[in-house]
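**Q** Dropping the structure in here first, questions after.
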Amino acid sequence: MTIHPTAVISPHARLGERVSVGPNVCIGDHVEIGSDVTILANAYLTGWTTIGDGTQIHMSAIVGHEPQDLKFDPQMKSFVRVGKNNVIREFATIHRGSVEGSATVLGDGNYLMAGAHVGHDCRIGNNTVLVNNVLLGGHVTVEDQAIISGGAAAHQFSRIGKLAMVGGLTRVNEDVPPFMLVRNDSQIYSLNLVGLRRAGFGSARIGALKQAFKVLLLHGHTLKRALEELERGNVTEDIRYLIDFIRSSKRGICQAAPGLLKAARIEDEPGH
């Protein structure tokens with residue numbers, strides 16, 4: 001274990017093996033840190049926070065501080081739970097849950113770039129990327145392998161499905177379906193084909209999702225009718241996941257970009 005002499009660590013905090021703590025780091029009473037964790041200069045860890053093995057916390061990051069919620073009582077016991085092998089870059093912030101016993105949770109292998117903010121009660125899956133200055137409001141869910149590009153902001157209680165891609169500066173006001181690329185004002189532009197290929201999806205799986213994309217967004221169906229049509233077809237595991245995600249939405253699903261619908265109408269005209 002390596003601890004810089006200027007670090008301030010509560011005697012009640014629990015540190016695992018081979019932990020490295022840099023200059024001016026502050027670690028509070030209830031913090032538990034796993035093995036092989038690196039915490040760089042000026043980072044601040046507080047609250048009932050657990051940090052999994054192999055995680056890196058960079059300069060001036062803040063993990064476990066009080067939520068930005070006017071109803072929050074500072075005496076409440078709430079949590080941040082960070083899994084293994086995460087990278088939390090400089091000035092990133094992760095706030096704890098907003099009610100007694102609640103938690104903000106990150107899975108394993110996530111990469112939070114500089115200035116990213118994870119609000120209270122968020123649920124982040126595994127192997128996601130939050131690019132610089134991403135803003136997640138309270139209670140946002142980000143599923144496995146999703147990528148959220150720089151400056152994008154997700155409204156509280158919204159969900160971003162697995163292997164989705166959110167473009168830079170996008171405003172996420174509704175749920176982003178799995179496997180989709182969303183830009184601008186919650187508008188779906190295409191499948192996240194680059195992400196799917198990087199994740200090892202073969203041509204058959206991608207082909208099935210392309211057909212589903214057309215049914216959902218290009219045929220002019222109502223959402224209810226589109227889901228019924230999908231369920232009458234070849235319901236692969238990916239299609240079932242997509243259907244279930246949409247059916248469970250409470251905020252509604254992002255809509256197709258206007259250009260998509262126009263292009264689909266042109267392709268359907270005689271002579272095209």
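**Q** Write down the accessible area per residue of the chain in Å², having rolled a 1.4 Å probe over the full set of protein chains. Kindly include the intermediate steps, with their values, before the conclusion.
**A** Values: 13010 Å² over 272 residues.
Value for the chain: 48 Å² per residue.
**Q** Counting only Cα atoms, I'd like the Rg/Rh figure for region 1-47, Kirkwood definition for Rh.
**A** Details: Rg = 9.2 Å, Rh = 10.2 Å.
When Rh is taken as the Kirkwood radius, the ratio is 0.90.
**Q** Helix-only mean residue ellipticity at 222 nm, the chain, DSSP H runs n ≥ 4 weighted -39,500 (n - 2.57), per residue, nearest 500. What is it? Don't skip to the end; give the middle numbers.
**A** Working: 5 runs with 53 residues, N = 272.
Result for the chain, helices only: -6000 deg cm²/dmol.
**Q** Going down the list 71/162; 71/250; 162/210; 214/250; 162/250; 84/210, which pairs span over 28 Å between their C-alpha atoms? Before the final figure, lay out each step's value.
**A** Details: 71/162 31 Å; 71/250 23 Å; 162/210 16 Å; 214/250 23 Å; 162/250 17 Å; 84/210 34 Å.
Beyond 28 Å between Cα atoms: 71/162; 84/210.
**Q** Next question, about the same structure. Once you mark the GluC sites (Glu not before Pro) that are in a DSSP loop and have at most 12 other Cβ atoms within 10 Å, what is the longest gap between them in the chain?
**A** Numbers: sites that count: 17, 100.
With GluC sites (Glu not before Pro) excluded where exposed in loops, the chain gives 101-272 as its longest stretch.
**Q** Taking all protein chains as present, what is the carbon and sulfur share of the accessible area of region 23-131, in % to the nearest whole number, probe 1.4 Å? Please report the intermediate quantities before stating the final value.
**A** Working: 2210 of 4250 Å².
Roughly 52 percent of what the probe reaches on region 23-131 is carbon or sulfur.
**Q** Using the Karplus equation 6.51 cos²θ - 1.76 cosθ + 1.60 (θ = phi - 60°), what ³J(HN,Hα) coupling, rounded to whole Hz, does each residue of region 97-106 give in order, writing x for Gly and Pro?
**A** x, 9, 10, 3, x, 7, 9, 9, 10, 10
**Q** Would you please classify the overall shape of the chain from the alpha carbon gyration tensor, given that a ≥ b ≥ c denote the square roots of the eigenvalues, rounded means a/c under 1.5, and beyond that prolate means a/b larger than b/c while oblate covers the rest?
**A** Values: a/c = 2.63, a/b = 2.29, b/c = 1.15.
Since a/c reaches 1.5 and a/b is larger than b/c, the shape of the chain is classed as prolate.
**Q** Using a cut-off of 12 Å between beta-carbons, work out the net charge of the residues near residue 43 (Lys and Arg +1, Asp and Glu -1, residue 43 not included).
**A** Details: positive: 89; negative: 90.
With Lys, Arg at +1 and Asp, Glu at -1, the neighbours total 0.
**Q** Right, here's the next one. Considering only C-alpha atoms, what is the centroid distance from region 51-75 to region 1-48, in Å?
**A** 13 Å
**Q** Antiparallel DSSP bridges in the chain: what percent, to the nearest 5?
**A** Numbers: 4 of 61 bridges.
Approximately 5 percent, going by the DSSP bridge assignments.
**Q** Cα centroid distance between region 83-117 and region 179-211, in Å?
**A** Value for the Cα centre distance between the two parts: 26 Å.
**Q** Using a probe of 1.4 angstrom, how much of the accessible area of region 154-255 is carbon and sulfur, in percent?
**A** Numbers: 2580 of 5180 Å².
Roughly 50 percent of what the probe reaches on region 154-255 is carbon or sulfur.
The values are calculated or read from the model by the stated rules, or taken from the named source; none is laboratory data. All figures in this text were calculated on a predicted structure; none of them were measured in a lab. Because the Cβ atoms are built from the backbone with ideal geometry, glycine has one as well, and the counts that use them run over all protein chains shown. Ligands, DNA and RNA are excluded from the accessible area calculation, which covers all protein heavy atoms including side chains. Shrake-Rupley method; radii C 1.70, N 1.55, O 1.52, S 1.80 Å.
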